[in-house]
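Visitor: Quick one: this structure, given as structure tokens, is what I'll be asking you about.
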Amino acid sequence: MLEKLIDISTNYLIHNQVIDEDDRDVYEYGFHSLYNNIIDIVSIVIIALFFYSVPQTIVYHISFVLLRNTAGGYHTKTHLRCFIMSTTILLVSLFVITRVASPVLSIGLACLSTILIWVKAPIEHENNPMSKEKYHRMKILSRMTSIIFLCLIFLTNIFMDISLRWIAMSLAFGMATHAILLFATITQSLHNRKTS
């Protein structure tokens with residue numbers, strides 16, 4: 001169904017002479033990315049609404065995306081696998097975030113995540129190699145981001161009312177999700193070295 005929509009969209013642009021037939025592959029890839037992103041966002045919104053947790057979902061994704069963009073991490077081989085894994089992790093995270101307000105858990109997750117980020121980030125992906133300058137810049141940014149989140153988690157747990165501790169939990173689970181993906185990348189890399 002998605003492939004048909006991509007084909008219809010691309011053919012529409014070619015038929016109306018907006019793009020050349022020679023550029024078909026580029027636009028098909030662009031539509032593929034666009035439609036997959038729309039599916040992801042709509043799914044996230046539906047899950048957030050279902051759990052009555054829109055603010056928690058926003059904070060969770062802010063911490064996850066900011067770390068993901070600076071520290072890299074695991075990539076599945078297909079979008080469907082990525083979607084299933086991401087959705088499952090989000091569901092589990094929101095289930096805990098909306099039911100537990102534990103300073104020990106949020107601080108513990110944040111500390112472990114920060115340590116892993118400081119030691120291993122950034123992770124390069126084979127499709128997106130980094131220059132030495134970019135690697136160094138991403139290392140600094142990922143470390144700064146993790147420290148900022150860690151401080152926010154500490155401050156939220158110390159100074160905010162218990163009813164607002166979901167902020168710390170959401171930040172911590174976004175960090176932990178990213179740390180799990182970093183760990184998965186490291187494990188996969190070690191496995192690939194042993195088998196080759």
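Visitor: Take residue 50 and tell me if it is in contact with a helix residue (DSSP H, G or I) (Cβ under 8 Å, 6 or more places away or on another chain), farther than 19 Å from residue 2 by Cα and of a type in the set (Phe, Trp, Tyr). Can you show your working first?
Guide: Values: in contact with a helix residue (DSSP H, G or I) (Cβ under 8 Å, 6 or more places away or on another chain): no; farther than 19 Å from residue 2 by Cα: yes; of a type in the set (Phe, Trp, Tyr): yes.
So residue 50 does not fit the description; no.
Visitor: Working only within the stretch 136-165, note down all residues that are under 10 Å from residue 114 (Cα atoms) and among the aromatic types (Phe, Trp, Tyr).
Guide: Once the filter is applied, which keeps residues that are under 10 Å from residue 114 (Cα atoms) and among the aromatic types (Phe, Trp, Tyr), the stretch 136-165 yields only 149.
Visitor: Filter the helices (runs of 4 or more DSSP H) completely within the stretch 1-107 down to those with at least 3 residues that are in the same structural domain as residue 150 (by TED's automatic domain parsing) and touching a residue at least 12 places away in the same chain (Cβ under 8 Å).
Guide: Those helices (runs of 4 or more DSSP H) span 54-71, 79-97.
The values are calculated or read from the model by the stated rules, or taken from the named source; none is laboratory data. Because the structure is a prediction, the values reported are computed rather than measured. Glycine gets a Cβ as well: all are built from the backbone with ideal geometry, and neighbour counts include every protein chain shown.
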